Structures are given as structure tokens and as C-alpha cells.
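Remarks on the structure that follows.
The values are calculated or read from the model by the stated rules, or taken from the named source; none is laboratory data. Keep in mind that this is a model prediction, so the values were computed, not measured. Here Cβ is always computed from backbone atoms with ideal geometry, including for glycine, and neighbour counts include all displayed protein chains. Only protein heavy atoms, including side chains, enter the accessible area calculation; ligands, DNA and RNA are left aside. Shrake-Rupley method; radii C 1.70, N 1.55, O 1.52, S 1.80 Å.
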Amino acid sequence: MEDCGHKAVPGGADMQLEVVFTAEQIGERIEELAQEVAKAGLDNLLVAAILKGSFIFAADLIRALHGAGLAPEVDFISLASYRKSTTSSGAVEILRDLESEVRGRNVLIIDDILESGRTLAFAKDLISARGASKIMTCVLLDKPVPRAADIEADLVAFRCPDVFVVGYGMDLGHKFRELPFVGHLVEQ
Ligand code: 5GP
Ligand code: MG
């Protein structure tokens, strides 16, 4: 069913998932992104993945980084700006902090979606304030919406239509993270 661009939603009789980016498209793009990161020549690299939404993207990207000849350390920070809702509350809070010392390190921040920019700007400001040397930001999806924070990602896998997406690590009410593709829920 993915071939024709739609998948039935398990348990959701009146909902369908429209495939926005296929697993194959994502895989190809990740290989290109890994080459871009490798070209940046960031030694002593620390990957800081923003949980939860980026966990699958980060897992795939760090394996591609290995393929591109890099050996990054990997850490996670759990940030929340969405609270079981499809609209942003505005505030960003740290639910779980990085364990690594970032002072003097080159840091690659990975997130799932850049929308208002608040989450990525918060993470970048935090890591910068802790004394990171160079910070590179990479997001899976960039939504074409006005930013609340003045930030653009250094690397973007895909420009995404301004719709609520799930899958490939991203959720709606804790569901759909397991999907190997990025999809958009539509009512039938
Ligand atoms: P921002 O802080 O840039 O407004 O929002 C970024 C965060 O909001 C992302 O890391 C993601 O967790 C969440 N988000 C934004 N748009 C979507 C969406 O379409 N689907 C899902 N599942 N999360 C989203
Ligand atoms: Mg997020």
C-alpha cells in the first residue's frame, strides 16, 4: 500500500496515512547528509540528538557517519515543546539533559523537525553557552512556516509541507513512531 502513497492506520478505520517521504527517499538523503557532515571536518565530534522525535533519524545518520569515515560520540537531550498536542505551547523545557561535557567540542545537533525554531534555538543556545567550539545543526524536516526564533538548520534532509507528520520516530499522542516512513494523517 505504501507504493500507492497510502497506508491504512491500524485501529483507525476513518484515518489514512499519506506517505510524505518514503523509507528509500530518507535512506538516500541520509547518505548525502553524512557526506556533508564529513566534509565539514569536525574533529572530536559529539552528536547531540534531541529526543524523542529524532531517535530513528539520529540512529540512521550516525551509522551513515560511520560509513563516511567519522567516529562521533553520541549523547541525547530530551526537550519538550509539544505536550500531547499538535500546537506548540511556546516554552521549551529540558526533560533529560546531556551527560557529556560539551566545552571545546564540535557538536552536531540533530532534531526531527524545524518549525517555529524554538526547540532548535533552545538547544543551540544551551550548547553554545556551555562552551562548544563549533555547532552544526541538522534536521530531518524543515517546515516552511514563519519562525518564532531566528534560526535555520545547517543541514536539512527535506523541506516538508506544512502538515502534521508522524512516523520515522515522530509521534501523535505517543503513536506512529515505529513507521519506517514519514506520513501525514488524513481523514477518509
Ligand atoms: P519548533 O520548536 O521548531 O516549533 O518545533 C519543533 C518540534 O516540534 C519538533 O522537534 C517536533 O518534536 C515537534 N513538531 C513540529 N511539527 C511536528 C509535526 O508535524 N509532527 C510531529 N510529530 N511533531 C512536530
Ligand atoms: Mg522534537
(message) Between residue 40 and residue 134, what is 0.36 nm times their sequence separation minus the Cα-Cα distance? Round to one decimal in nm.
(response) 32.8 nm
(message) At 1.4 Å probe size, with the rest of the protein present, what percent of the exposed accessible area of region 17-187 is carbon and sulfur atoms?
(response) 49
(message) Taking a ≥ b ≥ c as the square roots of the Cα gyration tensor eigenvalues, with a/c under 1.5 meaning rounded and otherwise prolate when a/b beats b/c, else oblate, which class fits region 96-188?
(response) prolate
(message) On a straight-distance basis, which aspartates and glutamates could pair with residue 7 in a cross-link, Cα separation under 19 angstrom, same-chain partners fewer than 8 positions away excluded?
(response) 18, 24, 171, 178, 187
(message) Please give me, ordered by residue number, the chymotrypsin sites (Phe, Trp or Tyr not before Pro) of region 63-142 that lie in loop per DSSP and have at most 12 other Cβ atoms within 10 Å.
(response) none
(message) With +1 on the Cβ of every Lys and Arg and -1 on the Cβ of every Asp and Glu, and nothing else charged, how large is the dipole of region 17-187 about its Cα centre, in debye rounded to the nearest 20?
(response) 400
(request) Please compute the net charge surrounding residue 147, taking Lys and Arg as +1 and Asp and Glu as -1 over other residues with Cβ under 12 Å from its Cβ. (result) -2
(request) Just grab the label-to-label distance for residue 145 and residue 7, each label 7 Å out from Cα along the Cβ direction, in nm (one decimal). (result) 2.3
(message) What does the C-alpha gyration tensor say about the overall shape of region 17-187? Classify as rounded when a/c is under 1.5, otherwise prolate if a/b is larger than b/c, or oblate.
(response) oblate
(request) Choose one of 167, 138, 27: the residue whose Cα lies farthest towards the positive end of the charge dipole of the chain (beta-carbon charges +1 Lys, Arg; -1 Asp, Glu; about the Cα centre). (result) 138
(request) Name the lysines eligible as straight-distance cross-link partners of residue 134: C-alpha to C-alpha under 17 Å, and not fewer than 8 places from it in the same chain. (result) 39, 124
(request) Report, in degrees rounded to the nearest 10, the 0 to 90 angle that the Cα long axis of helix 118-129 makes with the longest principal axis of the chain. (result) 10
(message) Using amide H atoms built in the peptide plane, which far-off residues or other-chain residues are under 5 Å from residue 74 H to H?
(response) 47
(message) Quick check for you: with a 1.4 Å probe and neighbouring chains kept, what is the accessible area per residue of region 17-187, in Å²?
(response) 47
